[in-house]
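Down below is the structure, laid out as structure tokens.
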């Protein structure tokens with residue numbers, strides 16, 4: 001079964017809803033320019049409201065090792081997602097500390113899909129980028145471009161996904177997991193529980209010709 005990560009939680013009640021629905025992981029964004037940015041105190045509140053069985057993934061953009069580890073320890077994060085131009089050395093340093101790392105690659109940005117340097121990452125996340133902020137910016141793109149990445153690492157597909165198109169995207173890219181943020185929102189940071197439920201149903205109910213690997 002394809003796993004589902006809901007990214008960009010901003011309030012504890014969203015964590016409670018995700019726990020009740022049984023999502024596989026949630027993301028907390030620590031990039032100050034993002035409309036879904038959370039402070040350390042708010043991240044702690046969200047983590048406390050989240051079921052301990054559901055991993056909390058901290059999302060960072062070009063942060064230092066010290067800054068990332070400070071939030072991992074201070075906010076009880078289970079994994080980190082590096083969503084900028086981070087070096088393989090940073091990935092390796094975090095992995096050496098026992099922190100699983102998801103490294104983002106971009107179809108319209110750097111590092112691109114041809115980047116093979118991040119050997120210590122647990123998984124790769126693929127999306128288009130090309131917008132004003134790091135990430136998919138809700139843009140639709142050719143998800144089939146990411147298909148080959150799963151030959152290198154477990155693959156998380158993101159960018160422009162919503163309850164109506166996630167099954168098509170999974171069929172095109174054959175990812176091990178999908179990551180959604182704006183596609184289950186009313187407005188940036190305001191998650192819609194019904195949309196999350198429909199996204200989960202669509203992702204978990206679609207056909208997948210492979211055997212998805214567990215990431216979270």
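The values are calculated or read from the model by the stated rules, or taken from the named source; none is laboratory data. All values derive from a computational prediction rather than experimental measurement. Don't worry about glycine lacking a Cβ; one is built from the backbone with ideal geometry, like all the others, and counts go over all protein chains shown.
Annotation note: of 82, 77, the sole residue that is in contact with a strand residue (DSSP E or B) (Cβ under 6 Å, 6 or more places away or on another chain) and closer than 15 Å to residue 15 by Cα is 77. Kindly establish whether residue 72 is in contact with a helix residue (DSSP H, G or I) (Cβ under 7 Å, 6 or more places away or on another chain), modelled with pLDDT of 95 or more, assigned to a helix (DSSP H, G or I) and within 23 Å of residue 50 (Cα to Cα). Spelling it out, it is not the case that residue 72 is in contact with a helix residue (DSSP H, G or I) (Cβ under 7 Å, 6 or more places away or on another chain), modelled with pLDDT of 95 or more, assigned to a helix (DSSP H, G or I) and within 23 Å of residue 50 (Cα to Cα).
When each of 28, 9 is tested for being in contact with a helix residue (DSSP H, G or I) (Cβ under 7 Å, 6 or more places away or on another chain), under 15 Å from residue 81 (Cα atoms) and part of a loop (DSSP other than H, G, I, E, B), the lone residue that passes is 9. Tell me yes or no: at least one residue of the range 106-123 is under 21 Å from residue 188 (Cα atoms) and either touching a residue at least 40 places away in the same chain (Cβ under 8 Å) or loosely packed, with under 15 Cβ neighbours inside 10 Å (or both). No - not one qualifying residue is present in the range 106-123. Every listed requirement among (1) closer than 19 Å to residue 25 by Cα; (2) under 16 Å from the mean Cα position of the chain (by Cα); (3) part of a loop (DSSP other than H, G, I, E, B) is met by residue 53 save one, (2). Of the set (1) free of Cβ contacts under 8 Å to residues at least 24 places away in the same chain; (2) surrounded by fewer than 16 Cβ atoms within 10 Å (Cβ to Cβ); (3) farther than 23 Å from residue 152 by Cβ, all apply to residue 37 but (2).
Scanning the range 44-64 for residues that are more than 20 Å from residue 180 (Cα to Cα) and either in contact with a strand residue (DSSP E or B) (Cβ under 7 Å, 6 or more places away or on another chain) or surrounded by fewer than 15 Cβ atoms within 10 Å (Cβ to Cβ) (or both) turns up 48, 52, 62, 64. Of all the numbered requirements in (1) free of Cβ contacts under 8 Å to residues at least 60 places away in the same chain; (2) within 17 Å of the chain's Cα centre (by Cα); (3) on the phi < 0 side of the Ramachandran plot, residue 187 misses one, and that requirement is (2).
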